[in-house]
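Each remark here refers to the structure printed beneath this line.
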Amino acid sequence: AQSVSQHNHHVILSEAASLELGCNYSYGGTVNLFWYVQYPGQHLQLLLKYFSGDPLVKGIKGFEAEFIKSKFSFNLRKPSVQWSDTAEYFCAVIIKTDSWGKLQFGAGTQVVVTP
Amino acid sequence: SQTIHQWPATLVQPVGSPLSLECTVEGTSNPNLYWYRQAAGRGLQLLFYSVGIGQISSEVPQNLSASRPQDRQFILSSKKLLLSDSGFYLCAWRGRDRGSDTQYFGPGTRLTVL
């Protein structure tokens, strides 16, 4: 079955630590990839996306993600986190041939950054 | 600019009662619209999507239904709520332009069924 997997459900780290969240998908075709973030009490918002081109994409707030096609992965990274990065992070995939644009989400990773 | 509204923001309903959640989009026309549910610890699940007025597709069997009476209005309904319907319901829209694969989400409705 097609799916999106996020490796960690909960991550706790200290400010200034580096963050890497894993995401793997199982679709065989060409995909568009997304990371969304949900800060406490706020809308789900787009962090970054990959459609084509340079597999290393940069998003808002110092986040970046790398698409590795051979590994079916789209891992999210930030070199030095801040307390304000405490949020839930979702990886999502759209199959390019799906004209309806249905997003398939991973289960999410809750990130807690301690001062 | 485009905005998306959902109401109510929170709702507490007894089992067996009806449900109506509303989503409206401003600043765009003929969007694709989506309903998702976010259950605790389970990520987001696509429930319904619509590509036009009166056109609804369902992703999962359930006691929920959706309707699109106007171009920028998407309604999620139930005749009789179940405990398992509790969750956070998100509406999203996507542009129809070629390459517009990004979905934008509303603030959500937190539903508690008791």
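The values are calculated or read from the model by the stated rules, or taken from the named source; none is laboratory data. Nothing here was measured: the structure is a model prediction, and the numbers come from that model. When we count neighbours, we look across all protein chains shown, and the Cβ atoms used for this are built from the backbone with ideal geometry, even at glycine. These area figures cover heavy atoms from the full protein model, side chains too; ligands, DNA and RNA do not enter into them. Shrake-Rupley method; radii C 1.70, N 1.55, O 1.52, S 1.80 Å.
Distance from the Cα centroid of segment A:83-111 to that of segment A:17-71 is 8 Å (rounded to whole angstrom).
Among the protein heavy atoms of the protein assembly as shown, carbon and sulfur supply 52% of the accessible surface, probe 1.4 Å, non-protein parts ignored.
Rg and Dmax of chain A, both derived from C-alpha coordinates alone, stand at 13.7, 44 Å. Of B:GLY43, B:GLY95, B:GLY54, the residue with the greatest mean-square motion in the GNM of chain B, using alpha carbon springs below 10 Å, is B:GLY43.
For the chain pair B and A, buried accessible area totals roughly 1700 Å², probe 1.4 Å, rounded to the nearest 100. Taking every DSSP beta bridge that has both ends in chain B, the antiparallel portion is near 90%.
For segment B:30-69, the solvent-accessible area with a 1.4 angstrom probe is 41 square angstrom per residue.
In segment A:71-106, the residues whose accessible area drops by at least 40 square angstrom when the other protein chains are added to the isolated chain are A:TRP100, A:LYS102, A:LEU103, A:PHE105; the probe is 1.4 Å and only protein heavy atoms count. Mean sequence separation of contacting Cα pairs (under 8 Å, at least six apart), scaled by the length of segment A:50-106, corresponds to a relative contact order of 18 percent. When the other protein chains are added to the chain by itself, burial of at least 10 square angstrom of heavy-atom accessible area (probe 1.4 Å, ligands and nucleic acids ignored) affects these residues of segment B:79-93: B:PHE88, B:LEU90.
Taking a 22 Å limit on the Cα-Cα distance, which of the listed pairs A:LYS58/A:LYS78; A:LYS61/A:LYS96; A:LYS78/A:LYS102; A:LYS102/B:LYS80 fall beyond it? From A:LYS58/A:LYS78; A:LYS61/A:LYS96; A:LYS78/A:LYS102; A:LYS102/B:LYS80, over 22 Å: A:LYS61/A:LYS96; A:LYS78/A:LYS102; A:LYS102/B:LYS80. The equivalent ellipsoid of segment B:1-105 has semi-axes of 24, 14, 13 Å, largest first, where each one is the square root of 5 times an eigenvalue of the Cα gyration tensor.
In segment A:1-113, Cα pairs under 8 Å separated by at least six residues give a relative contact order of 36 percent.
When Rg and the Kirkwood radius Rh are both evaluated on Cα atoms of the protein assembly as shown, their ratio Rg/Rh stands at 0.97. Label zone of A:TYR27 (point 7 Å out along Cα→Cβ, amide N under 19 Å): in segment A:80-102 this covers A:90-102.
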